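Peer 1: My questions will all concern the structure given below.
Computed from the coordinates by the stated procedures, all read-outs in this text should not be read as laboratory data. The structure displayed is predicted, hence computed values, not measured ones. Using ideal geometry, Cβ is built from the backbone for each residue, glycine included, and neighbour counts are taken over all protein chains shown.
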Amino acid sequence: MVDVEAAPPEHAVDPVRVRVRSCGICASDLHLAAWNLPVTLGHEFAGVLDDGTAVAVQPNAWCGECDRCAAGETQLCRVAASRLHGVSVDGGLADEVIVDPRCLVPLPAGVDATVGGLVEPLAVGVHAIGRVEAEPGDRILVIGGGSIGLTAVAAAVARGFDVDLVARHPHQRDAGDLLGASARLGDEYGAVVDAAGTQASLDDAVARVRPGGAVVVVATYWDPVTIDAGLLTKEVRIVPSAMYGHDHGEREFDAAAALLAARPELVDALVRHRFGLDDAPEAFRVAGDRAAGAIKVLIEP
């Protein structure tokens, strides 16, 4: 823990202060913490403005000027990586953060800022399911029972898909049940979402998707993976899903905030532990111990 003066990032126009009320620990934060980045971690955060407005913060500040932004693919903004709160600029594991006002998403009525940190992982799930192209009658399989797998389940159910979930731990399967996923495992799926990011999950995804189907990769492969002949012989499409942006003109962060308001049981399904900012080391330890019951750990400054 260090005392620093909150400062606006260089890209911010008319920057505003967000007093942080919740910040989630993402699986990627467990890796980033070992990298000794010169910034404050935390890209899943929400809080209140000086006027009391409760907001979630979209951490990837797109430029609005490059060719990808002009095409509506703001998640692929060419400079967003240099503007990413919690990775390249200061993030939400702090009392307050200064952000560009375009990053702000007002929280709907009924969604408190103390759970608003869930909007970011929900937006990841919303974007991933938006990348799914399935035929009528197809079932969707989600592999991975962490927070991203479970938000993908919630987003898929909201889109009217029938969803099965493969999860390693009993508490993850229970959370999937609460969100509408079945634990049964079929032989073939119209689309498979890999939210685990391992060699085994990728192999399983390719094996279970139907010929010509898609494997949507929303997990990060922190170690190299290989692909076998099944990808070729079945003409499986690998569809990467990067963060979140806009879908047919709708901001996916707004869609995620609305989904959190519509399905308040998401809080009980995902949040198993809460810590104060002074207890961040213990929060990171708990977040890294999935077998002990952690799904989403929230820090509340």
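Peer 1: If a/c stays under 1.5 just call it rounded; otherwise compare a/b with b/c (prolate if a/b is bigger, oblate if not). Do that for the stretch 132-240, with a ≥ b ≥ c from the square roots of the Cα gyration tensor eigenvalues.
Peer 2: Oblate.
Peer 1: Can you work out the FRET efficiency for the pair Val4 and Arg78, with r the C-beta to C-beta distance and R0 = 25 Å, to the nearest 0.05?
Peer 2: Efficiency, from the Cβ-Cβ distance: 0.30.
Peer 1: Evaluate the charge dipole of the chain about its Cα centre and quote only its size in Debye, nearest 20, assuming +1 on the Cβ of each Lys and Arg and -1 on the Cβ of each Asp and Glu.
Peer 2: 540
Peer 1: For the stretch 26-183, what relative contact order do you get, as a whole percent, if you take Cα pairs closer than 8 Å and at least 6 residues apart?
Peer 2: It comes to 19 percent, rounded to a whole number.
Peer 1: OK, next. Take every Cα pair under 8 Å in the chain that's 6+ residues apart, average their separations, divide by the length, and report that relative contact order as a whole percent.
Peer 2: That works out to 20 percent.
Peer 1: Rounded, prolate or oblate: which one fits the chain, using the alpha carbon gyration tensor with axes a ≥ b ≥ c (rounded when a/c is under 1.5, else prolate when a/b beats b/c, else oblate)?
Peer 2: prolate
Peer 1: In what sequence, highest mean first, do 144-156, 178-190 appear when ranked by Cβ atoms within 10 angstrom?
Peer 2: Highest to lowest by the protection proxy: 144-156, 178-190.
Peer 1: Assign one of three labels to the stretch 38-100, namely rounded, prolate or oblate, based on the Cα gyration tensor with a ≥ b ≥ c the square roots of its eigenvalues; rounded applies when a/c is under 1.5, prolate when it is not and a/b is larger than b/c, and oblate otherwise.
Peer 2: Oblate is the answer for the stretch 38-100, as a/c is 1.5 or above yet b/c matches or exceeds a/b.
Peer 1: Okay, next question. Counting pairs of alpha carbon atoms under 8 Å apart in space and at least six apart in sequence, what relative contact order in percent does the stretch 132-240 give?
Peer 2: With pairs under 8 Å counted, the relative contact order is 26 percent.
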